[in-house]
Amino acid sequence: MMKFKLKNLLLAGLAMTVMTGCHWDMWNQDRYEPLEKGDFFGEGETSSRMLVTGVVPYQDARLDTHYYQGRNADETFAAELPADIKLTKELLLRGQNQYDIFCTPCHGYQGLGDGMIVQRGFPAPPSYTDQRLLEMPIGYFFDVMTNGFGRMYSYKTRITVEDRWAIAAYTRALQLSQNATPDLLTQELVDIVSDPEKVDAFNTEALGGSEATHGDSGTTSKEGH
Ligand code: HEC
């Protein structure tokens, strides 16, 4: 059996340190970072290869700025829904459904900025009924959801384009609901709002009857706000 003396061990350790050190010249060679300014391919200003001039996306070109960005051709926010989105009761109900899921934790069921996590200490968003937001074009609300705003993060990856428009449309309904005058209602609606039982029945029907199977928990939880 071989015996290692301390001196031999130290020598072996030294040899290993020296040998691993041989790699430095390979590791420190010149190179570009991705997209770094440089001319690696001799065809432009960046180290990454650019698209050939004239390339057209095969799919998903998203050229419709109104639909995809909520903006007019001159970059101002669009004041109307895009042509592909029709203002129907279904759109508003879908908007309500998605708003209730994604936005109420902070903005509250009425859009007053008093959602549950705000009550627990999260910074409060402004109320949708602030004069400034009442005057904002609908495209602005689409943009806030798409790109985020200040402390609010973007919902681009979580809510589809179509649903973002549905929420924007429903936001308008919330704004109107807090500023509505009785003369905006038909006599039939005035009769309904003056009778709490009829309001419950109306809401149940508006939500497609889905509340019926769960009692009226959906409506009562909203009444708390
Ligand atoms: C996690 C909490 C949170 C959620 C969820 C949230 N927001 Fe916000 N939102 C905020 C906060 C906070 C602000 C204020 C941000 C600031 O001023 O820095 C804000 C601001 C806004 C504003 C006003 C921007 C302005 O000009 O002042 C709009 C509109 C808005 N949110 C829409 C939405 C919509 C629609 C949803 C759901 C898709 C949503 N938010 C979900 C927290 C949230």
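Summary of values
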item	result
Selection count, region 144-164, where residues are under 16 Å from L81 (Cβ atoms) and surrounded by fewer than 13 Cβ atoms within 10 Å (Cβ to Cβ)	1
Top-ranked residue of region 148-183 - restricted to ones that are hydroxyl-bearing (S, T, Y) and without any contact (Cβ under 8 Å) to a residue 60 or more places away in the chain, ranked as farthest from A124 (Cα to Cα)	T181
Matching option when the condition is assigned by TED's automatic domain parsing to the domain that holds V161 and in contact with a Leu (Cβ under 9 Å, 6 or more places away or on another chain), among T129, T88, T76	T129
Hits in region 186-213 (condition: at pLDDT 80 or above and either assigned by TED's automatic domain parsing to the domain that holds E135 or of a type in the set (S, T, Y) (or both))	T186, S194, T204
Subset tally (residues that are assigned to a helix (DSSP H, G or I), hydroxyl-bearing (S, T, Y) and more than 7 Å from the ligand (Cβ to nearest atom)) for region 141-188	3
Residue in region 127-138 that is in a helix (DSSP H, G or I), closer than 23 Å to L63 by Cβ and modelled with pLDDT of 95 or more present	yes
Test: residue in region 84-98 that is among the small types (G, A, S), within 12 Å of the ligand (Cβ to nearest atom) and at negative phi	yes
Total residues in region 129-143, condition within 16 Å of A166 (Cα to Cα) and touching a helix residue (DSSP H, G or I) at 6+ places or on another chain (Cβ under 9 Å)	6
Residue list for region 116-126, filter: more than 8 Å from the ligand (Cβ to nearest atom) and in a loop (DSSP other than H, G, I, E, B)	R120, G121
Test: G95 is outside any loop (DSSP other than H, G, I, E, B) and touching a residue at least 60 places away in the same chain (Cβ under 8 Å)	yes
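Residue by residue, here is whether (1) aliphatic (A, V, I, L, M); (2) without any contact (Cβ under 8 Å) to a residue 12 or more places away in the chain holds:
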| site | (1), (2) |
| --- | --- |
| S48 | no, no |
| Q59 | no, yes |
| L63 | yes, yes |
| H66 | no, no |
| Q69 | no, no |
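The values are calculated or read from the model by the stated rules, or taken from the named source; none is laboratory data. These numbers were taken from a predicted model, which means no experiment stands behind them. Positions of Cβ are backbone-derived with ideal geometry, glycine not excepted, and every protein chain shown enters the neighbour counts.
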